[in-house]
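Here's the structure we're looking at; comments come further down.
The values are calculated or read from the model by the stated rules, or taken from the named source; none is laboratory data. Nothing here was measured: the structure is a model prediction, and the numbers come from that model. Using ideal geometry, Cβ is built from the backbone for each residue, glycine included, and neighbour counts are taken over all protein chains shown. Accessible surface is based on the protein model in full, side chains and every heavy atom, while ligands, DNA and RNA are left aside. Shrake-Rupley method; radii C 1.70, N 1.55, O 1.52, S 1.80 Å.
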Amino acid sequence: MAHSLAFVKAVEKICDIDIPPKARYIRAILLELERLMCNLNDFAFIFQDVGYSFGAQKVFALKEMLMRLNETLTGNRFNRNIIKIGGVSKELDTNAIKEVLGLLEKEYLKYKKLFLNSSTVLERTDTTGRIFYETAKKHAALGYVAKASNIFFDTRAILEKDLYGSLVKAFKLEQGDVSARVKVRFNDIEESFNIIKTFIENMPLGDIAKNIEPKDGEAFGYEEGQRGNITHFLRIEHGLISRWKIRDPSFHNWPIIQKAVLGDIIADFPLINKSLNLSYAGNDL
Amino acid sequence: MLNILKSFLKEGIKTEDITPYNEQNIVIYKRLPKHLKGSLNIRHVDCGSCNACEYELTALSNVFYDIERFGIKFVASPKHADALTITGPITRNMYKPLLDAIQNTPNPKVIIAIGDCSIDGGLFKGAYGIVGGLKDINIEPHILIRGCPPHPRDIISGILKGFEG
């Protein structure tokens, strides 16, 4: 989803069109739904990797609820086939989103409390896999890895200030350990709830898509995915794509893991790996 | 501990009944050996998928689908497995490892293709980095579950359906 958005943004920049405001809002809501789903998934896996399967299964159930919501909204559990060049292809059923998210938020807060109050979990996560500010800075860390190591970088807050305004807070933590990365995710989840609610309330009226005339040229498209900033470079010649370079945030974050695991016991490796949640394919793009 | 017990009592069991159904998304080429019913060990091989299928395979073990109640289990090596699940268009880098995995699975090996990509390359058909789907490398799966990605309900139903008849 975030990758397809980065791609269409690049195309729209080349073709020099502004998409209708309603389409922008719908895209933002879908992006937050995806971020929410990924963050809940990571949260569940952290529970799993510290050996707390009760919490893990409960949070997996929340993720499944969200995927079922996606299915009712767009017909696909991963919200595929909805973003198109020039807008979106479908309107959203905002009542369904409100209903499910209301339920989800209440449940989520319970498991957040469970995480923060359970000594078994905190003992494993605190001071594990520390990434210091200098390391993160040197490797140009992105996303939650950067935010947990005292660097704030969020595409939404920098490039799309007109849309998000103050909804994306400059949240950062200093510790840089596993529990800091989970806390950054907590903040992201709460922010997503907030953004979706605000956007549903302020949804403008009008068209959801615009026709476009293909043009030649080259442009960058940026989007804030769950893992961090996604950049697409696109060149169109004679109406065809001649060059397309994708840079996934995992490309920046992979080398950091070798610094993060230093001094930790081997049993903590899966936990640190999960807290970074790096994409294997993202590195090779 | 008390809170955990309380939430168990309050929320009840979320697991859903799944009765195998015939659907256009499920294609059965060959029946699965009867003796594997109730104890099917699966080794998953990702041949270059976009990870959506993996997300759905992970979802199989959540409380809603709970695949282990049917005796289906994921294992860590093809040598321990009865069946292989294959996702994604087969990339050039994963072609050899896939053949190795198939060779190392003891007979009678069951091959389950998951997702549109796995059978003919799907969205990635004809791309430079891929060899093609299972069709292109002349391996006939027992079951094909279509979808991009397939619904977890379809995956369970497809495997159960394979034992019938």
TODO: For chain B, calculate the relative contact order in percent as a whole number, restricting contacts to Cα pairs under 8 Å that are 6 or more residues apart.
DONE: 31
Task: Projected label distance in nm at B:S39 and A:R235, using a 7 Å step from Cα toward the beta-carbon - done: 6.1
TODO: With springs connecting C-alpha atoms under 10 Å apart, model chain A as a Gaussian network and identify which of A:Q57, A:Q226, A:Q258 has the largest mean-square fluctuation.
DONE: A:Q258
Open item on the list: Please compute the modelled spin-label separation between A:E123 and A:S242, points set 7 Å along Cα→Cβ, answer in nm with one decimal.
Closed with: 6.3
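Which of the chymotrypsin sites (Phe, Trp or Tyr not before Pro) found in segment B:107-165 are loop residues per DSSP with 13 or fewer other Cβ atoms within 10 Å of their Cβ? Before the final figure, lay out each step's value.
Working: sites: B:F124, B:Y128, B:F163; in loops: B:Y128.
Passing sites in segment B:107-165 are B:Y128.
So what's the net charge close to B:I137: Lys and Arg +1, Asp and Glu -1, counting the other residues with Cβ under 12 Å from its Cβ? Before the final figure, lay out each step's value.
On the way: positive: B:R92, B:K96, B:K135; negative: B:D120, B:D136, B:E140.
With Lys, Arg at +1 and Asp, Glu at -1, the net is 0.
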Open item on the list: What is the angle, in °, between the Cα long axis of helix A:94-117 and the longest principal axis of the Cα atoms in chain A? Nearest 10 is fine, range 0 to 90.
Closed with: 20
Task: Centre separation in Å (Cα based) which lies between segment A:214-285 and segment A:98-112 - done: 30
- [ ] Rounding to the nearest 20 debye, state how big the charge dipole of chain B is about its Cα centre with +1 on each Lys and Arg Cβ and -1 on each Asp and Glu Cβ.
- [x] 340
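Would you mind giving the total buried accessible surface between chains A and B, with a 1.4 Å probe and ligands, DNA and RNA left out, rounded to the nearest 100 Å²?
Numbers: alone 13480 and 9170 Å², together 20940 Å².
For chain A against chain B, roughly 1700 Å² becomes buried.
Under 15 Å from the Cβ of B:D120, count the other residues' Cβ atoms, weight Lys and Arg +1, Asp and Glu -1, and hand me the total. Could you put the intermediate results ahead of the total?
On the way: positive: B:K125, B:K135, B:R146; negative: B:D116, B:D136, B:E140.
Residues close to B:D120 contribute a combined charge of 0.
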TODO: Quick one: which residues, 5 or more positions from A:G87 or on another chain, have an amide H under 5 Å from its amide H? H modelled 1.01 Å from N in the peptide plane, none for Pro or chain starts.
DONE: A:K210
Task: Within the protein assembly as shown, percent of DSSP bridges classed antiparallel, to nearest 5 - done: 60
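How large a share of the accessible area of segment A:6-83, in percent, is made up of carbon and sulfur atoms when the probe is 1.4 Å and the other protein chains stay in place? Let's see the in-between values first.
Working: 1020 of 2160 Å².
Carbon and sulfur atoms account for 47 percent of the accessible area of segment A:6-83.
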Open item on the list: Of the candidates A:N76, A:N187, A:N95, which one comes out as most mobile in a Gaussian network treatment of chain A with C-alpha springs shorter than 10 Å?
Closed with: A:N95
TODO: At 37 °C and 0.692 mPa s, grab the translational diffusion coefficient of segment B:23-165 from Stokes-Einstein with a Kirkwood Rh over Cα pairs, rounded to a whole number in µm² per second.
DONE: 221
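Using a 1.4 angstrom probe on heavy atoms only, work out the carbon and sulfur share of the accessible area of segment B:11-64 in %. Mind dumping the intermediate values first?
Details: 1410 of 2900 Å².
Looking at segment B:11-64 in its full context, I get 48 percent from C and S.
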Task: Charge sum, other residues only, whose C-beta stays under 14 Å from B:L60's C-beta, Lys/Arg counted +1 and Asp/Glu -1 - done: -2
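Which pairs break 18 Å Cα to Cα here: A:K63/A:K147; A:K9/A:K210; A:K106/B:K6; A:K13/A:K215; A:K147/A:K274? Don't skip to the answer; put the middle values down first.
Numbers: A:K63/A:K147 23 Å; A:K9/A:K210 13 Å; A:K106/B:K6 16 Å; A:K13/A:K215 10 Å; A:K147/A:K274 16 Å.
Violating the 18 Å Cα-Cα cut-off are A:K63/A:K147.
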- [ ] Just check segment A:134-285 against the gyration tensor rule for me: Cα atoms, a ≥ b ≥ c as the square roots of the eigenvalues, rounded for a/c under 1.5, and otherwise prolate or oblate depending on whether a/b exceeds b/c.
- [x] oblate
Open item on the list: Could you tell me which residue out of A:T198, A:W254, A:I236 lies farthest along the dipole of chain A toward its positive end? Charges go on the beta carbon: Lys and Arg +1, Asp and Glu -1, centred on the Cα centre.
Closed with: A:W254
- [ ] Pairs of Cα atoms under 8 Å, at least six residues apart: use those to get the relative contact order of chain A, whole percent.
- [x] 28
- [ ] Could you state the accessible area per residue of segment B:26-117 in Å², with a 1.4 Å probe and every protein chain left in place?
- [x] 44
- [ ] Would you give the gap between the C-alpha center of segment A:1-74 and the C-alpha center of segment B:106-165, rounded to a whole Å?
- [x] 26
Task: Rg in Å to one decimal, and Dmax rounded to a whole Å, for the protein assembly as shown via C-alpha atoms - done: 22.5, 67
TODO: Return the single residue from A:K245, A:K13, A:K138 with maximal mean-square fluctuation; model: Gaussian network over chain A, springs between Cα atoms under 10 Å.
DONE: A:K138
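Scanning chain B for GluC sites (Glu not before Pro) in DSSP loops with at most 12 other Cβ atoms within 10 Å, what's the longest stretch left with none? Write out the running numbers ahead of the final one.
Working: sites that count: B:E16, B:E164.
The longest such stretch corresponds to B:17-163.
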- [ ] Please give the peptides B:98-104, A:83-89, B:3-9 ranked by average Cβ packing (other Cβ atoms within 10 Å per residue), highest first, as a rough proxy for protection.
- [x] A:83-89, B:98-104, B:3-9
TODO: Quick one: go through segment A:1-32 and flag any residue whose amide nitrogen is under 18 Å from the point 7 Å out along the Cα-to-Cβ line of B:C148.
DONE: A:1-8
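For segment B:94-143, what does the relative contact order come out to in percent, with C-alpha contacts under 8 Å and a separation of six or more?
In percent, rounded to a whole number, it is 34.
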